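The values are calculated or read from the model by the stated rules, or taken from the named source; none is laboratory data. Given the structure is predicted, the values throughout are model-derived calculations rather than measurements. Glycine gets a Cβ as well: all are built from the backbone with ideal geometry, and neighbour counts include every protein chain shown.
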Amino acid sequence: MGKLETELLVSNKKAFVRRAILGSLAVTGLLAVGLMAPNAIQILKEIDPKGRRLKRYLGKTLNRARDNLLDQGYMEFVNTPVGKKFRLTDNGRKYLIKLEGKEYKLEKPKKWDGHFRIVTFDIREPRKYTREKLRMVLKQIGFYPLQRSVWVYPYDCEELITMLKADFKIGSDVLYVIANHIEFDKPIREYFNLPVPR
């Protein structure tokens, strides 16, 4: 194997482990220091279901990757009443989306058509990493979280949601709804800087 191919292989391995560590934090929110490895291994199983690469990333490799992510500010220690825990930073969320290989974007039209787009999903527990990844992407794009699995956007985003369904393999788990009204919508309108009726 040549030098360039070897560098690519090493880079891919590092990205694989970083995705697992940051993904475990995205899923759990706060994670006890001692639980980092088991949670990362669960994410590795979701990324690589056949477990072809799991054994290679135990112990020192996970610890080294964790230390690098801390140094780069993608995750941080926080003190809690039950001891020190890890937490994903905002930069870590952006970096995780970048590691996934795609940055999703929407262009806002100049004028709002008066309809709300609602994205709702029910992704089962065995795919919780995918569920959190979807939440991160919706947040990064600028959707408003009505509930943890119900997100609102005021502009046409059907093509993007169709793309997310295909990329994340979550077709029937996600519903796209167009609504004329949402009860108590003032916070949503303020979030998107839309006119608030008097």
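Would you say LEU194 is assigned to a loop (DSSP other than H, G, I, E, B), touching a helix residue (DSSP H, G or I) at 6+ places or on another chain (Cβ under 9 Å) and either farther than 29 Å from ARG124 by Cβ or without any contact (Cβ under 8 Å) to a residue 24 or more places away in the chain (or both)?
Yes; evaluated as a whole, the condition is true for this residue.
Can ARG56 be described as modelled with pLDDT under 60, part of a helix (DSSP H, G or I) and basic (Lys, Arg)?
yes
For segment 142-198, how many residues are small (Gly, Ala, Ser) and more than 15 Å from the chain's Cα centre (by Cα)?
Of the residues in that region, 4 qualify.
Suppose the filter is at pLDDT 85 or above and closer than 21 Å to LEU175 by Cα; does LYS139 pass it?
yes
If I go through segment 154-186 residue by residue, how many of them are without any contact (Cβ under 8 Å) to a residue 60 or more places away in the chain and surrounded by 12 or more Cβ atoms within 10 Å (Cβ to Cβ)?
The number of residues fulfilling the criteria is 15.
Please work out which one of (1) under 14 Å from the mean Cα position of the chain (by Cα); (2) closer than 28 Å to PRO197 by Cα; (3) charged (D, E, K, R) is the condition ASP113 fails and give its number.
Unmet for ASP113, out of (1) under 14 Å from the mean Cα position of the chain (by Cα); (2) closer than 28 Å to PRO197 by Cα; (3) charged (D, E, K, R): (1).
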